[in-house]
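Input: a single structure, listed below in structure tokens.
The values are calculated or read from the model by the stated rules, or taken from the named source; none is laboratory data. No experiment lies behind these values; they were computed from the predicted model shown. For neighbour counting, all protein chains shown are included, and Cβ atoms are generated from backbone atoms with ideal geometry for every residue, glycine included.
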Amino acid sequence: MKSDGAAATGGGRGGGGTATAATATSLTAADSDGPPVLPNSPRKRVDFAGKTILAPLTTVGNLPFRRIAKGYGVNITVGEMAMAQNLLQGTSAEWSLVRRHESEDIFGVQIAGSKPQIVARACELLQAEGNVDFVDLNCGCPIDLVCRTGAGSALMGNNGRFGKIVRAMRAVLTDTSLTIKLRTGIKTGKNTAMKLVPQLKIWNVDLITMHGRSKEARYTKLADWDYISQCARAAAPIPFAGNGDILSWEDANRGRDGTGISSVMIGRGALIKPWIFKEIEDQQHYDIRSGERLDMLRDYCRYGMEHWGSDTKGVETTRKFLLEWMSFLHRYIPVGLLEVLPQRINERPPAHYCRDDLETMMASNHSEDWVKITNMLLGPPPKTFEFVPKHKSNSYNNNPDVVAAAAAPGGGGGGGGGGSKVVKEWG
């Protein structure tokens, strides 16, 4: 399963819906309201202490991007969130989300679900594959489509269901670490995660990760690292990872030093600045010029075509996911342009002059400029090509007609030449 040759659309595992009799027996006990069911056999434990972790990132946290992050020194990677039900149904697209590249030496899979038996059976299948070091339960996704099913952040509002799922996972993950990702709570200003921590200690989970915002806040306001620290101290000796707003090695140090937090998980910060992991390791800032960043994008394209295929469909799939990544990557401000270090993830920087034409285009918040960069790497797209970022708030010009025009040879864009002020507002 570590092989990266087949296209993702055909790389899934089928026939995944049958659980063993042993699993059914353990689930019967796990679904009861009695004491938690814990595995009797020793399991493989991941050492999370002091590690940097790439967050599970829907759409953009794909295998080619994780290879980029590994190249910059991230310690632990996590696949994109997979729905437990879809894994059981053998959906190839869902199984492609949990594929592991050989460079991912410590790799976990995040799953979401609302029914204990379905989640546990998915865990059993993942463990049977023998290709994951840990399975993470998503209790933090704020997307309504997920929460309406009772999964994601909705689990934090249903302690009974939450407990049954965690105990069922613990019962079947006899050789694989179990981790949980939470938010501070559901409502802003009403933190509830602390109430879950004592139970998670009893249920013997291997890592707790907290995103320092509520479901309601999604990605607005600042992450509450004080509350993350309170929960981390209460969770000791269980390792605890903090997540939210990390865009520099200084941010990572503030999160870890003297807080009880043993690890940092980085999501948006890694999309904006993938070399953040090297900066954290070396404790210094790097001024990555436009040429180096273009080489990084070229590597991504190569990884993408290895993963999705080098035919027309594979190339255009690579282009689509590269553009999704660039909807975050354009927010990076080179160190050489900053008057005050470090850059903050939620600050709106003023309009600034770039140092060359390519750097100006890379800083553009217009998606048609991103398309022009992909043209340099992948050639022009089909005439019918359109692109609207999935994360729409990250682009200020989402008109498909304009983007399609930019895709055409000689098409106009919003980037402008070197030295022009192209970044008017930032998300």
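Worth a mention:
- Residue match in the stretch 42-55 (condition: touching a strand residue (DSSP E or B) at 6+ places or on another chain (Cβ under 6 Å), charged (D, E, K, R) and at pLDDT 95 or above): yes
- Pairs with Cβ under 9 Å, 6+ apart, first in the stretch 278-307 and closer than 16 Å to Leu378 by Cα and without any contact (Cβ under 8 Å) to a residue 40 or more places away in the chain, second in a helix (DSSP H, G or I) and of a type in the set (A, V, I, L, M): Met305/Val315; Met305/Leu378
- The residue that is nearest to Asp282 (Cα to Cα), counting only those in the stretch 53-74 that are surrounded by fewer than 24 Cβ atoms within 10 Å (Cβ to Cβ) and β-branched (Val, Ile, Thr), is Ile68.
- Where a residue in the stretch 368-386 is outside any helix (DSSP H, G or I) and its partner, wherever it lies, is modelled with pLDDT under 95 and of a type in the set (Gly, Ala, Ser), with Cβ under 7 Å and at least six apart: Pro380/Ala407; Pro381/Ala407; Phe385/Ala404; Phe385/Ala407; Glu386/Ala404
- Subset of the stretch 68-105 (residues that are closer than 19 Å to Ala55 by Cβ, part of a loop (DSSP other than H, G, I, E, B) and either hydroxyl-bearing (Ser, Thr, Tyr) or over 15 Å from the mean Cα position of the chain (by Cα) (or both)): Tyr72, Gly73, His101, Ser103, Asp105
- Selected residue (criterion: farthest from Pro64 (Cα to Cα)) from residues of the stretch 90-111 that are of a type in the set (D, E, K, R) and in contact (Cβ under 8 Å) with a residue 40 or more places away in the chain: Glu94
- The single residue among Ala241, Ala236 that is small (Gly, Ala, Ser) and out of contact with any Ser or Thr (no Cβ under 8 Å at 6 or more places or on another chain) turns out to be Ala236.
- For the residues Glu359, Glu368, the requirement of being in contact with a Ser or Thr (Cβ under 9 Å, 6 or more places away or on another chain), charged (D, E, K, R) and not assigned by TED's automatic domain parsing to the domain that holds Asp251 singles out Glu359.
- Qualifying residue in the stretch 120-138 (condition: at pLDDT below 95, charged (D, E, K, R) and assigned to a helix (DSSP H, G or I)): yes
- Some residue of the stretch 163-184 being in the same structural domain as Val78 (by TED's automatic domain parsing), more than 22 Å from Ser262 (Cβ to Cβ) and under 18 Å from the mean Cα position of the chain (by Cα): no
- Residues of the stretch 247-279 classified as touching a strand residue (DSSP E or B) at 6+ places or on another chain (Cβ under 8 Å) and more than 14 Å from Ala55 (Cβ to Cβ), total: 5
- So Ser114, is it in contact (Cβ under 8 Å) with a residue 24 or more places away in the chain, outside any strand (DSSP E or B) and in contact with a strand residue (DSSP E or B) (Cβ under 8 Å, 6 or more places away or on another chain): no
- Close pairs (7 angstrom Cβ cut-off, 6 or more residues apart or separate chains): within 19 Å of Ala223 (Cβ to Cβ) in the stretch 330-359, surrounded by 13 or more Cβ atoms within 10 Å (Cβ to Cβ) and among the acidic types (Asp, Glu) anywhere: Pro342/Glu250; Ile345/Asp245; Asn346/Asp245
- Matching residues, the stretch 298-307, being closer than 18 Å to Val371 by Cβ and either surrounded by 22 or more Cβ atoms within 10 Å (Cβ to Cβ) or within 17 Å of the chain's Cα centre (by Cα) (or both): Tyr300, Gly304
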